[in-house]
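Single-structure report; data block below.
The values are calculated or read from the model by the stated rules, or taken from the named source; none is laboratory data. All values derive from a computational prediction rather than experimental measurement. Note that each Cβ is placed from the backbone with ideal geometry, even for glycine, and that neighbours are counted across all protein chains shown.
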Amino acid sequence: MTYQEQIDSNSSLIESKGGTWGGIDAESVSRMQLQNRFKTGLDIAKYTAAIMREDMAAYDADPANYTQSLGCWHGFIAQQKMISIKKHFGDTKRRYLYLSGWMVAALRSEFGPLPDQSMHEKTSVPALIEELYTFLRQADSRELNLLFRGIDAAREAGDTAKEKELLDQVENFQTHVVPIIADIDAGFGNAEATYLLAKKMIEAGACALQIENQVSDEKQCGHQDGKVTVPHEDFLAKIRACRYAFLELGVEDGIIVTRTDSLGAGLTKQIAVSNEPGDLGDQYNSFLDCEEIDPATAQNGDVVLNRDGKLMRPKRLPSNLFQFRPGTGEDRCVLDSITSLQNGADLLWIETEKPHVEQIAGMMDRIREVVPNAKLVYNNSPSFNWTLNFRQQVYDAMVEQGLDVSDYDRDNLMSAEYDDTELGHAADKKIRTFQADGSKRAGIFHHLITLPTYHTAALSTDNLAKEYFGDAGMLGYVLGVQRKEIREGIACVKHQNMSGSDIGDDHKEYFAGEAALKAGGVHNTMNQFG
């Protein structure tokens, strides 16, 4: 329905009430309806799931069509990100949001800052999803409000060309609402707990759930030590729980991202159930670090496996955990990934210890031999020292090529003295093209940075505090923040408008007409930023 058709429809409805709705303006109603396109979180989940499915198909056709996102821990951060994307690039195509469990734990828990160990309230995750979309919907409302005000001004000025231009922008308006890939950690409990939380997250608007194969009660950040994985059947139950949640709520296109932490996880809490040689349980157990024992020396409480006719005792740690053989991480990641894709997962996530295209590609090549369209979500993590990693990669390549590296100290390559060197420039180039290279070579459909806005908030606050509380005083704020906002066209420099003041003024006029007491008059200091 076009804008004018919507106005006509509302006019007919108002007229049908025999004059009792005489104080209702059809165009104002139409504007409010357009400013509230998504009525529920399920509307958003269905809409954004379709976008992700289209993007996945586009990537299969051409790996240059990879997607990206940044992690957001507050609705305002998500809103400003999408406003900036529309400002700089014109549209939001292939650009998403990521909701990080790490940032929920560190920044949104009522317990205060927590490590990434699933100790925060599980309800804080769907609450943040709802908050993110509330702010994105408000960004829609704000931008449309500016267009509607422009249309009114053009009409008052008799500028029909400008009015038509703005009406065309309304007709072709692109929403700020984009897919969110939301972190459900290890499910916060058993499969039933996973299902219940998944429902809440989907109802809040999540179209993509990312779940990992660690144990819920021993969950660790993917870039820390002490990770403990679960047997495949336990994990598959949680994948099915997420799919049931999507289907129950009518989001048939919902996306499940399965994350394997096996590359850095050397421990398991359980010996997998195995019913016959070669089944999943047997394959999981085959990676266990075992020692052959004589039955006569077996002790009470020993767990014993039959491996090729030999009695083998898995090595049990004082923590009552069992350990895998060193060097089996990549093989376990490949098995985890294939198993997940064959049992309902849509996308993979392999947590690595460094950003290295060939390492990722080596595993994905093996996975794609079995599942040719396997696609990866990859964490471009701030836990990596990107500068040092890529400078070392370039250094090692130079050594392999027989080039002179005597000017460089491999263990000190982070030093600023290497910023303007051939090695430094080569490393920066590899960082710049990492996402495109990884998507072409290693099957990476989606690149995300988990914690970027955590770090940008810390950096910008440090800079402001240093200047404002130092000799610069107020000039520290003006030079470092406000003047840049004005000159770079940052929307929230008009913070009253960003918070919805002008939208509220228009509503007051709809409701009370000339009697409306509006905030945006000539004495509003926001007019200084015209």
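Here are the numbers:
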item: Residues satisfying the stated conditions in segment 44-74, i.e. part of a helix (DSSP H, G or I), in contact (Cβ under 8 Å) with a residue 60 or more places away in the chain and surrounded by fewer than 18 Cβ atoms within 10 Å (Cβ to Cβ); result: A50, R53, D60
item: Matching residues, segment 506-525, being at pLDDT below 70 and in a helix (DSSP H, G or I); result: T525
item: Top-ranked residue in segment 315-350 [being assigned by TED's automatic domain parsing to the domain that holds K238 and of a type in the set (A, V, I, L, M); ranked as nearest to A272 (Cα to Cα)]; result: L335
item: Condition check for S109: modelled with pLDDT under 95 and not in a helix (DSSP H, G or I); result: yes
item: Number of the condition not met by I77 [criteria: (1) of a type in the set (A, V, I, L, M, F, W, C); (2) over 23 Å from K39 (Cβ atoms); (3) assigned to a loop (DSSP other than H, G, I, E, B)]; result: (3)
item: Unique residue being closer than 30 Å to E291 by Cβ and of a type outside the set (D, E, K, R) when the list is I360, I338; result: I338
item: Meets criteria (among the aliphatic types (A, V, I, L, M) and either under 20 Å from the mean Cα position of the chain (by Cα) or assigned to a loop (DSSP other than H, G, I, E, B) (or both)) for V257; result: yes
item: Inter-residue pairs, beta-carbon under 9 Å, first closer than 16 Å to L136 by Cα and in segment 494-505, second part of a helix (DSSP H, G or I) and of a type in the set (D, E, K, R), 6+ apart; result: N497/R142; M498/R142; G500/R142; I503/R142
item: Yes/no for I503 being β-branched (V, I, T), part of a helix (DSSP H, G or I) and either in contact with a Ser or Thr (Cβ under 8 Å, 6 or more places away or on another chain) or assigned by TED's automatic domain parsing to the domain that holds K86 (or both); result: yes
item: All helices (runs of 4 or more DSSP H) inside segment 397-469 with 3 or more residues being over 30 Å from D62 (Cα atoms) and over 20 Å from the mean Cα position of the chain (by Cα); result: 422-432, 452-468
item: Selection from segment 286-295 of residues that are in contact with a Pro (Cβ under 8 Å, 6 or more places away or on another chain) and surrounded by 18 or more Cβ atoms within 10 Å (Cβ to Cβ); result: L288, C290
item: Residues satisfying the stated conditions in segment 28-39, i.e. surrounded by fewer than 17 Cβ atoms within 10 Å (Cβ to Cβ) and without any contact (Cβ under 8 Å) to a residue 40 or more places away in the chain; result: Q33, K39
item: Residue list for segment 291-321, restricted to those being in contact with a Phe, Trp or Tyr (Cβ under 9 Å, 6 or more places away or on another chain) and not in a loop (DSSP other than H, G, I, E, B); result: P314, R316
item: Positions within segment 80-106 being of a type in the set (K, R) and either in contact (Cβ under 8 Å) with a residue 40 or more places away in the chain or in a helix (DSSP H, G or I) (or both), in sequence order; result: K81, K86, K87, R95
item: Given (1) under 24 Å from the mean Cα position of the chain (by Cα); (2) crowded, with 17+ Cβ neighbours inside 10 Å, number of the condition Y244 does not satisfy; result: (2)
item: H446 being loosely packed, with under 14 Cβ neighbours inside 10 Å, in contact (Cβ under 8 Å) with a residue 40 or more places away in the chain and either touching a Lys or Arg at 6+ places or on another chain (Cβ under 9 Å) or not polar (S, T, N, Q) (or both); result: no
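Here is a yes/no grid of residues against (1) hydroxyl-bearing (S, T, Y); (2) closer than 19 Å to S262 by Cα; (3) crowded, with 20+ Cβ neighbours inside 10 Å:
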{"site": "G301", "(1), (2), (3)": "no, no, no"}
{"site": "D308", "(1), (2), (3)": "no, no, no"}
{"site": "P318", "(1), (2), (3)": "no, no, no"}
{"site": "P326", "(1), (2), (3)": "no, yes, no"}
{"site": "G329", "(1), (2), (3)": "no, yes, yes"}
{"site": "V334", "(1), (2), (3)": "no, yes, yes"}
{"site": "I338", "(1), (2), (3)": "no, yes, no"}
